[in-house]
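Only the coordinates and a few stated rules stand behind these numbers; no lab work does. Quick caveat: nothing in here was measured; it's all calculated off a predicted structure. When we count neighbours, we look across all protein chains shown, and the Cβ atoms used for this are built from the backbone with ideal geometry, even at glycine.
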Amino acid sequence: MDTDRQREAVLKAFLAPDGSLTSMPTRATKRRYVLEHIAAAFEPGVRYAEVEVNAVLRAFYERDYVALRRYLVENGLLERENATATYWRSGGYVEV
């Protein structure tokens with residue numbers, strides 16, 4: 001199975017019809033697909049206040065949006081400036 005088909009299968013398995021996350025995959029590859037999908041909600045080059053990041057992530061995973069934010073940072077998809085609690089997208093795929 002090619003990567004795009006794998007990605008689509010994982011997203012279908014872990015996202016509800018409304019786009020929210022039903023659960024976090026435990027396998028690293030599957031988790032990466034889900035995190036990259038969520039990271040795509042943030043525009044490259046735009047800086048976001050923590051409250052804005054939280055609002056976006058709550059739409060995906062109200063249950064534990066803080067853990068979701070941490071996963072995005074730990075996986076290099078979002079960067080964080082600690083002094084100002086500012087975030088920006090730093091990884092993931094970009095559709096052109």
- Name the residues in the stretch 42-62 that are loosely packed, with under 12 Cβ neighbours inside 10 Å and out of contact with any Ser or Thr (no Cβ under 9 Å at 6 or more places or on another chain), would you? 43, 45, 46, 51
- Task: For residue 8, work out the one condition from (1) more than 21 Å from residue 90 (Cβ to Cβ); (2) assigned to a strand (DSSP E or B) it doesn't fulfil.
- Result: (2)
- Taking the options 32, 7, name whichever one is out of contact with any helix residue (DSSP H, G or I) (no Cβ under 8 Å at 6 or more places or on another chain), surrounded by 13 or more Cβ atoms within 10 Å (Cβ to Cβ) and not aromatic (Phe, Trp, Tyr). 32
- Does the stretch 11-21 hold any residues that are surrounded by fewer than 10 Cβ atoms within 10 Å (Cβ to Cβ) and assigned to a loop (DSSP other than H, G, I, E, B), and which are they? 16, 17, 18
- Query: Counting only residues that are within 18 Å of residue 15 (Cβ to Cβ) and of a type in the set (A, V, I, L, M), which one in the stretch 63-91 is surrounded by the most Cβ atoms within 10 Å (Cβ to Cβ)?
  - Reply: 72
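Per-residue answers, yes or no, for (1) over 18 Å from residue 56 (Cβ atoms); (2) without any contact (Cβ under 8 Å) to a residue 24 or more places away in the chain; (3) touching a Lys or Arg at 6+ places or on another chain (Cβ under 7 Å):
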position: 2; (1), (2), (3): yes, yes, no
position: 8; (1), (2), (3): yes, yes, no
position: 23; (1), (2), (3): yes, yes, no
position: 35; (1), (2), (3): no, no, no
position: 39; (1), (2), (3): no, no, yes
- Note on the structure: Residue set 70, 63; condition over 26 Å from residue 3 (Cα atoms) and of a type in the set (Lys, Arg); output residue 63
